[in-house]
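Each remark here refers to the structure printed beneath this line.
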Amino acid sequence: MREKPPRGEDWVYEMKADGYRAQLHLRDGDAKVYSRTGLDWTEQFSSIAASADLLKANSAIIDGEAVVYGSGGLPDFQQLRRELGPKRSERVRYHAFDLLYLDGYDLRAVAYEDRKRLLQRLVKDAPKTFIYIEALAADGNVIFDKGCKLGLEGLVAKRLGEPYRSGRHESWIKLKCKKSETFPIVAFVEKLGARPRKVASLYVGRRQNGKLLYAGKVRTGYTETTARELRERLDPLIRRTSPLEVLVKKPKATWVEPTIDVEVQYGADR
């Protein structure tokens, strides 16, 4: 995982959607879909399996990602989870980005750009469930910046001329957009036995329709100095009861007045 695109002209970039990685196996009209860890998820991805019957191939293995587009026009992971199952949802889409096998030919040793051409041809007239993911050849920094501003999860940088390899490697690099929001601190957990006292983690809230609701726990990102200074700032704000509208059980929490906001960076990894 990197935060900056690699240098060089032999790199192209593909959109990274917020969905489930899925590999489609087609053999003589029988379609199976497997998760990233190799589990048979054909029932969960029933929409993709059903549409695969219409591909113009006797056998194929496609690498891609299952997504559902939300109301904002971007892939929505929570909406995807609600759509998976045997009912064959009309909303599920399959982002096809690589081709490993086609009609008896093992393509894993073939150059990346040649596999992409064969994949594009295969899904050209496929059902609307299938979406071919283009490889963008341009300045990586510009593409990455624009993609993050659009709200994408990130990009995947892929080196031209390379064979297909599973797992982590230097010719296929994930570039993750850092998303951030500001939340009010509603409680903290003190690091046991620390002298001077310092914060180990925070509980944050979110304001919705005039109410303060629980949003989650922030565990990482503190330097020693920040942890001590934050503890000192929160000390005069300590209160005996929770400031949340809907109570949550947090035995280790020290509740505070929600007057200090913190910017939280986050992302998803699926």
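As for segment 16-23, it holds at least one residue that is buried (at least 18 other Cβ atoms within 10 Å of the Cβ) and modelled with pLDDT of 95 or more. None of 161, 147 is touching a strand residue (DSSP E or B) at 6+ places or on another chain (Cβ under 7 Å) and of a type outside the set (D, E, K, R) except 147.
Residue-level check: of (1) touching a residue at least 40 places away in the same chain (Cβ under 8 Å); (2) at negative phi; (3) surrounded by 15 or more Cβ atoms within 10 Å (Cβ to Cβ), residue 83 misses just (1). Would you confirm whether or not segment 42-58 contains a residue that is part of a loop (DSSP other than H, G, I, E, B), of a type in the set (A, V, I, L, M, F, W, C), surrounded by fewer than 19 Cβ atoms within 10 Å (Cβ to Cβ) and not assigned by TED's automatic domain parsing to the domain that holds residue 148? Looking through segment 42-58, none of the residues is part of a loop (DSSP other than H, G, I, E, B), of a type in the set (A, V, I, L, M, F, W, C), surrounded by fewer than 19 Cβ atoms within 10 Å (Cβ to Cβ) and not assigned by TED's automatic domain parsing to the domain that holds residue 148. On the stretch given as segment 7-41, residues that are over 21 Å from the mean Cα position of the chain (by Cα) and assigned to a loop (DSSP other than H, G, I, E, B) total 6. A single entry from 53, 40 fulfils the requirement of being touching a residue at least 24 places away in the same chain (Cβ under 8 Å) and of a type outside the set (S, T, N, Q): 53. Across segment 172-205, the number of residues qualifying as within 22 Å of the chain's Cα centre (by Cα) and free of Cβ contacts under 8 Å to residues at least 24 places away in the same chain comes to 1. Picking from 93, 115, which residue would you name as being buried (at least 18 other Cβ atoms within 10 Å of the Cβ), farther than 20 Å from residue 166 by Cα, of a type in the set (D, E, K, R) and modelled with pLDDT of 95 or more? Criteria check complete, one pass: 93.
The values are calculated or read from the model by the stated rules, or taken from the named source; none is laboratory data. Quick caveat, the model's predicted, so the values are computed rather than measured. Cβ sites come from the backbone with ideal geometry, for glycine too, and all protein chains shown count toward neighbours.
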